[in-house]
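The structure appears right after this line, and notes come after that.
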2 protein chains.
Amino acid sequence: MEPGGRLNFLSFETDRIDECLDYMRRLKDKHLELNGHGNGSSRSTSDLCVMATGGGAYKFYDKIRDVLGVDVLREDEMECLIIGLDFFITEIPREVFTYSETNPMHFVEPAENVYPYLLVNIGSGVSFLKVSGPREYERVGGTSLGGGTLWGLLSLLTGARTFDEMLELASQGDNSKVDMLVGDIYGTDYGKIGLKSTTIASSFGKVFRKKRQAEQEAEDSGGQRHKDQHRPNHHHDEPQSPQSPDSPCQEDGPSPFSHDECRPFGAADISVSLLYAISNNIGQIAYLQSQIHELSHIYFGGSFIRGHPQTMNTLSYAIKFWSKGAKQAYFLRHEGYLGAVGAFLKRQPRNWGRRGSFDELPAVPLELRLRARRSSRDAGGATAAVEGNGGVRLNGTVNGTEAVVE
Amino acid sequence: MEPGGRLNFLSFETDRIDECLDYMRRLKDKHLELNGHGNGSSRSTSDLCVMATGGGAYKFYDKIRDVLGVDVLREDEMECLIIGLDFFITEIPREVFTYSETNPMHFVEPAENVYPYLLVNIGSGVSFLKVSGPREYERVGGTSLGGGTLWGLLSLLTGARTFDEMLELASQGDNSKVDMLVGDIYGTDYGKIGLKSTTIASSFGKVFRKKRQAEQEAEDSGGQRHKDQHRPNHHHDEPQSPQSPDSPCQEDGPSPFSHDECRPFGAADISVSLLYAISNNIGQIAYLQSQIHELSHIYFGGSFIRGHPQTMNTLSYAIKFWSKGAKQAYFLRHEGYLGAVGAFLKRQPRNWGRRGSFDELPAVPLELRLRARRSSRDAGGATAAVEGNGGVRLNGTVNGTEAVVE
């Protein structure tokens, strides 16, 4: 049988694990149908396995085994991440790119000698990994301010119910309504220390005062009706607030306040501010780590990025800003699948890969076409890789079937 | 007249600038009364001035001049900060301390040779300053995730209306209700990369799922009454959620959700999580900057700290954690007044200071007793220093009066 196949990628949010397993069960059934139960060998069922990595590999271990009735092989998350990344950046054309507003996807040719480099993996939290060679890496740092922080806070602060709703909101907001900019503090640039007036001095730095002011005004006007009878000049006695020209009523968007009629800022402004804050922060720490460990290349991966232009723009800007243009941020088309692909590859022989295969089809986003040169050990088997931290990601191939999983 | 005096410190939040100016006007009147209008000289009024620094020095410049009718001398914020800090750490005993849970205020002797060091100034935003010598400094970095972010987000997420209410809330919370810990992901330590099960993997990482789950349950039970008539076994058909043992109903505190009866976490949990997130992040960036610039001493100043034990504990922990115990965080009793004191000192001759004065009284928190050796230029004048970024801070002295301003 001619070896071959195609990798397909699919992701499920973590709490849709049951849908995910259901999908996998159907794939397994299809596989058994195609490869036959009674082919004179029981290999097709016994060779079938699920490669799993990330936190979900532990959390859902029993569940996956029970539902699918196949072996679950757990692989170390960081190792899988690195193996996956190495594979993508060394073997896959039109995979690695730099982002800029004028050229959102400038592809970089795959290179064989890429070490050492920094991998910033952004999931619920963030890990910074120094990669010195193939499968040779060290976790040099991390921050708890990651995707989980953004989604968690935005789910509390906005009406958005899905990640994509939040990103859509963020693309419509104006962060200067909630962020205190250098210009808000100094009225101008703070040139002496190199800060532009548009630089964010404090994320959400305007909120506390605006909110208190709105509440104050609500109380004042609420109490006014009673007070007026005794103190008709009440308002004239009060000193004018210096912030009064900065009216808190500017917007029609959804308001974070449940009790006021007057909206100083909306859900979209909050969303973009928090997106900037988290992305800038990750970019800054990435730059500092790259300085300490003398790494010139910084790759960003993980499920947080989701191909979202503002996120990539902010990360790119942060790297350029802090490195004074000396360094760039690199992204990957398959950013969310590094671990899953790494786990998948752990079942493949070392010489398996994309290189030397036909380039029969143009690259299609989120679909990676591969011809698999499979070893006899793997022939006839199917592998699905599952990565379960902050979403379940699947990829896999089944020998001989046109398009498989997962 | 015997030179002498005492510095007193007082702070007003920024939107109470009018109260602050009112207070200063009364001090000015008192000063004129004591030093006389008609003493044969007009020096006492014309020498009176306000030293101002920070953003407020620009924003409130006209206002201060108009209300007080005295000169306002604006001084560069960073320079004042450094001058103030230098003064405190080189001249004032029982000023600099390290924090630990067992010894919350371990004082460090003032030293003359302290350079170079890193100053982390935490106000609405955060600045990282490398100080190489007296009045010799460079801003090496900054982050917009500072005090303004904490107060802004907490004012939206909790019922708290003042900073101190928020800190009080934070001291009662349990961050593991909202933060995703390493143990939540792996069920154990992730020893291979040196992460304890209690390490925060993702700040607010549990919120998104818990909130969605609570909403789902509310919808399910809301819709149940109608559905039951047609599908009595509805609930039994549904796959059990793997998270169901982790009941969202655990707490009686105020809830961030306005519409549910069921509270997976409360305002206190949110407060402590955000306090940890911001403090840890500042601590981490401080450590990385200290590595890049080879600085062994890291001082924390600015109005954010407010003598709050959890904040100091988190900053200290972050420095120890990242430096593997090699570095410590240093704090100052007068953390919020560095800039104000620096501005004040710019009107003092270089040899003015605390050294050589009587140590007549034990140190009292937030009150710094000084004997001022005043030059003839300053004799009879009064100086108030105002610092106006994220709160107005005043300090000052008036010659000959026992306890003055401001």
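Worth pointing out:
- Two-decimal Rg to Rh for segment A:22-159 - Kirkwood Rh, Cα set: 1.07
- Net charge, A:Arg161 excluded, C-beta distance under 13 Å - Lys, Arg +1, Asp, Glu -1: -4
- Binning the alpha carbon pair distances of segment B:271-350 at 10 angstrom intervals from zero yields the distribution 18, 44, 27, 10, 1, expressed in whole percent.
- Among chain A residues, the one whose Cβ is nearest the axis of the rotation from A to B, given with its distance rounded to whole Å, is A:Leu288, 2.
- Label-point spacing at A:Gln216 relative to the other copies reads 4.4 nm, in ascending order, each point sitting 7 Å out from Cα along Cα→Cβ.
- Plainly put, the tip 7 Å out from Cα toward Cβ on B:Glu33 is 9.6 nm from that tip on each other copy, the closest given first.
- Of the Cα atoms belonging to segment B:44-96, the radius of gyration and Dmax stand at 14.0, 39 Å.
- Extending 7 Å from the Cα toward the beta-carbon at both A:Thr198 and B:Ser132 defines two label points whose distance is 3.2 nm.
- Residues whose placed amide H lies under 5 Å from that of A:Gly141, excluding near-sequence neighbours: A:Phe128
- Ranked packing of B:330-342, B:312-324, most packed first, by mean Cβ within 10 Å: B:330-342, B:312-324
- Within the shell defined by Cβ-Cβ distances under 12 Å, the residues around A:Phe128 carry a net charge of +1, with Lys and Arg each +1 and Asp and Glu each -1.
- Ordered by 1.4 Å accessible area with all protein chains kept, A:Glu168, B:Glu215, A:Glu109 run largest first as A:Glu109, A:Glu168, B:Glu215.
- Per-residue mean of foreign Cβ neighbours for B:136-148 is 6 (Cβ atoms of other chains, 10 Å radius).
- Size descriptor for segment B:80-206, Kirkwood hydrodynamic radius: 18.0 Å (Cα pairs only, one decimal).
- Theoretical FRET efficiency, 1/(1+(r/R0)^6), r = Cβ-Cβ of B:Asp66 and B:Val140, R0 45 Å, to 0.05: 0.75
- Amide H contacts of B:Gln328 (H built 1.01 Å from N, under 5 Å, at least 5 apart or other chain): B:Ile298
- Summing Lys and Arg as +1 and Asp and Glu as -1 over all other residues whose Cβ lies under 14 Å from the Cβ of B:Gln310 gives a net charge of -4.
- Per-residue mean of C-beta atoms belonging to partner chains within 10 Å, peptide B:283-294: 3
- Average other protein chain Cβ within 10 Å of Cβ, residues B:204-216: 6
- Once both labels are positioned 7 Å from their Cα atoms along Cα-to-Cβ, the gap between A:Asp174 and B:Ser221 label points is 4.2 nm.
- Phi-based couplings in Hz for segment B:206-220 (Karplus 6.51, -1.76, 1.60; Gly and Pro marked x): 8, 5, 4, 5, 4, 5, 4, 5, 4, 5, 4, 5, 4, 5, 4
- Spread over its residues, the convex hull of the C-alpha atoms of segment A:53-132 is 143 Å³ per residue.
- Given A:Lys206/B:Lys177; B:Lys177/B:Lys320; A:Lys30/B:Lys196; B:Lys28/B:Lys130; A:Lys211/B:Lys196, the pairs whose alpha carbons are separated by over 32 Å: A:Lys30/B:Lys196; B:Lys28/B:Lys130; A:Lys211/B:Lys196
- Each copy carries a label point for B:Tyr115 at 7 Å from Cα toward Cβ; from one copy, the others' points are 4.4 nm away, ordered from shortest.
The values are calculated or read from the model by the stated rules, or taken from the named source; none is laboratory data. Predicted, not measured: the structure shown is a model, and the values here were computed from it. Glycine gets a Cβ as well: all are built from the backbone with ideal geometry, and neighbour counts include every protein chain shown. Heavy atoms of the whole protein, side chains included, go into the accessibility calculation; ligands, DNA and RNA do not. Shrake-Rupley method; radii C 1.70, N 1.55, O 1.52, S 1.80 Å.
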